[in-house]
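The structure appears below as structure tokens.
The values are calculated or read from the model by the stated rules, or taken from the named source; none is laboratory data. Here the structure is a predicted model, which means the values were calculated and not measured. Reconstructed Cβ throughout: ideal geometry from the backbone, glycine too, with neighbour counts over all protein chains shown.
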Amino acid sequence: MSTQLTPTRTVVTPLVAGGLLTLVCGVAVQALVIPLTDVSDDRFSYPWSPAALLWVSLLYAVFHVLIAYGLWAVRDRAGTRAGRGGLTLAAGATLLLFAGEIASIPLRDRPLDDATVGLATGLLFGLGTLVSALAMLVAGIAEVRARRSPFSIAVLASGLVTAALLALILTPVMALAIGIYGASIAVVGFTARNT
């Protein structure tokens, strides 16, 4: 058996890796960091200290780049123009999440209700998540209508999960919801291998 990477494996590896890393971090934050934090939930850095948020934001920014590249790379697996366009738009929207992580670094010492925090990061994270959800839904619906394959169903399911994430962002289960989003992205990557 060859261990050489095929073009398909090379294409989906960043998507799967970004999704799985997001899943692991989301679950770990929900299960370990949030229960043990002494940071007030009225701070932007919650549940992290401002110093820790610097490194966490950089790490999450890498995850977003992996996911954005992976979505862009698997767009050719879509069998419809709307599917390819939706995946391309979702990749671009994920770069807004990357920008949100970078924008959060200089704001990490501020209170959550600071206007700059809401404008800078809220806009980037909110718009990135909304556009990503809509793009994945468009791609998923188009793909499921054209052909019911594990890939098309995974894209549609990821769109639904990302849309649900919008409602769960400011709740106590935010980190877990982000982890579930990561799992849905990883499934898109896994199913793209066989498309």
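Tabulated data for the structure shown
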| quantity | calculated |
| --- | --- |
| Residue check for Thr162: in contact with a Ser or Thr (Cβ under 8 Å, 6 or more places away or on another chain) and farther than 16 Å from Leu97 by Cα | no |
| Answer from Val29, Val39, Val16 - the residue that is more than 19 Å from the chain's Cα centre (by Cα) and at pLDDT 95 or above | Val39 |
| Number of the exception - Trp48 against (1) within 21 Å of Gly18 (Cβ to Cβ); (2) at pLDDT 95 or above; (3) outside any loop (DSSP other than H, G, I, E, B) | (3) |
| Given (1) crowded, with 21+ Cβ neighbours inside 10 Å; (2) closer than 19 Å to Val187 by Cα; (3) of a type outside the set (A, V, I, L, M, F, W, C); (4) over 18 Å from the mean Cα position of the chain (by Cα), index of the condition His64 fails | (4) |
| Residues located in region 80-126, provided they are β-branched (Val, Ile, Thr) and either part of a helix (DSSP H, G or I) or without any contact (Cβ under 8 Å) to a residue 12 or more places away in the chain (or both) | Thr88, Thr94, Ile102, Ile105, Thr116, Val117, Thr121 |
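For (1) out of contact with any strand residue (DSSP E or B) (no Cβ under 9 Å at 6 or more places or on another chain); (2) in contact (Cβ under 8 Å) with a residue 60 or more places away in the chain; (3) surrounded by 21 or more Cβ atoms within 10 Å (Cβ to Cβ); (4) part of a helix (DSSP H, G or I), each residue gets a yes or a no:
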| residue | (1), (2), (3), (4) |
| --- | --- |
| Ala142 | yes, yes, yes, yes |
| Arg148 | yes, no, no, no |
| Ile153 | yes, no, no, yes |
| Ala157 | yes, no, no, yes |
| Leu160 | yes, no, no, yes |
| Leu165 | yes, no, no, yes |
| Thr171 | yes, no, no, no |
| Ile178 | yes, yes, yes, yes |
